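Reviewing the structure listed below.
The values are calculated or read from the model by the stated rules, or taken from the named source; none is laboratory data. In this text, all values refer to a predicted model and were calculated from it rather than measured experimentally. Methodologically, a virtual Cβ is constructed for each residue, glycine included, from the backbone with ideal geometry; neighbour enumeration extends over all protein chains shown. Each accessible area value is taken on the protein alone, full model and side chains, heavy atoms only, with ligands, DNA and RNA left out. Shrake-Rupley method; radii C 1.70, N 1.55, O 1.52, S 1.80 Å.
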Amino acid sequence: MEFIKISLQYAPKIALVELNRPKELNALNLQLMKELKEALASLDNDPEIHAIVLTGNDQSFAAGADIKQMSDLGAIDMLKIDQFSTWDQIRKVQKPLIAAVSGFALGGGCELALTCDMIIASETARFGQPEIKIGVMPGAGGTQRLTRIIGKARAMEMVLTGKFISAEEALSYGLINKVVPVEAYLQEAINLAAKIAKMSPIAVRLAKESINRAYETHMDEGLHFERKNFYLLFASEDQKEGMQAFIEKRGAKFKGR
Ligand code: HXC
């Protein structure tokens, strides 16, 4: 598939996906979301890729769903378009997904960043769920994912007033991993991806899956799930290699098997 609204770049073991509607502050129209879903699905299936960085540009990660595209639609149009099946597929990406956020991460843009596994932000990043100001509410996980991460009181304030929070506030809320100067956020995210890309991809996949379970189930079932994945890793060559390398005081060479 040829991509127009996003672009792809590759570094060893890492893919960089850039949202590419700069004039519209990377507003997430249906075409962009379709391309993003296709790109992520294909990267998820590519054994050469171990981690994915998702970014916008310095001015805007994404300013939300495309308001102009949605404004005249009715409920049944929205139902038929079924845009959230695209979002569900993004949520199911098995490889680590790191958002590199600068400028606006609003509405669906904030939700897209939250769908990623980690967020590196520039000092200029602004996070918000301003849907309330245009007569709607978050629809791609904002009331659920945001609330689980930052708690009810802060989520209520953000969602009911539409206020933006700074990168520093987002860091203090536990919403993001790190804040760096605008010149550095993308490289910082790539460095984080590169660190993870050196690990056993099987262990990374099962660890990601297990952490995500913590948000989806109760403790007993979560611990059971974690234990099964832990046992499963002892069937991998990477476990033997990783432990042997430690004993022999050398770097591990993981093969993803
Ligand atoms: C369509 C958008 C847009 C959006 C910006 N633009 N955000 N177009 N959908 N979400 C367009 C503007 O219309 C304008 O194009 C251009 O981008 C630049 O925007 P300005 O408003 O001129 O820039 P600025 O004054 O700097 O203000 C930036 C901003 C503001 C604060 C980000 O644009 C804004 O409030 N945007 C909407 C944010 C929002 O409400 N997001 C939530 C959407 S609902 P033109 O051609 O007019 O100059 C949502 C629901 C998610 O996300 C549900 C799940 C998918």
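When the helices (runs of 4 or more DSSP H) confined to the stretch 121-223 are screened for residues that are of a type in the set (Gly, Ala, Ser) and modelled with pLDDT of 95 or more, those reaching at least 2 such residues are found at 152-161, 167-172, 185-197, 201-213. Report yes if Glu18 is within 17 Å of the chain's Cα centre (by Cα) and either within 8 Å of the ligand (Cβ to nearest atom) or buried (at least 20 other Cβ atoms within 10 Å of the Cβ) (or both), otherwise no. No: the conditions fail for Glu18. In summary, Gly142 fulfils each of the numbered conditions (1) closer than 24 Å to Ala11 by Cβ; (2) under 15 Å from the mean Cα position of the chain (by Cα) with the single exception of condition (1).
Scan the stretch 79-129 for residues that are touching a Lys or Arg at 6+ places or on another chain (Cβ under 8 Å), within 14 Å of the ligand (Cβ to nearest atom) and not hydroxyl-bearing (Ser, Thr, Tyr) and jot them down. Of everything in the stretch 79-129, those that are touching a Lys or Arg at 6+ places or on another chain (Cβ under 8 Å), within 14 Å of the ligand (Cβ to nearest atom) and not hydroxyl-bearing (Ser, Thr, Tyr) turn out to be Gln89, Ile90, Gly103, Phe104, Ala105, Leu106, Glu111, Leu114, Gly128. Condition check: open to solvent by 40 Å² or more (accessible area, probe 1.4 Å), within 30 Å of Leu206 (Cα to Cα) and away from the ligand (no atom under 13 Å from the Cβ). Does Glu35 satisfy that? Criteria not met by Glu35. Scanning the stretch 1-41 for residues that are in a helix (DSSP H, G or I), over 17 Å from Arg91 (Cα atoms) and in contact with a strand residue (DSSP E or B) (Cβ under 8 Å, 6 or more places away or on another chain) turns up just one, Pro22.
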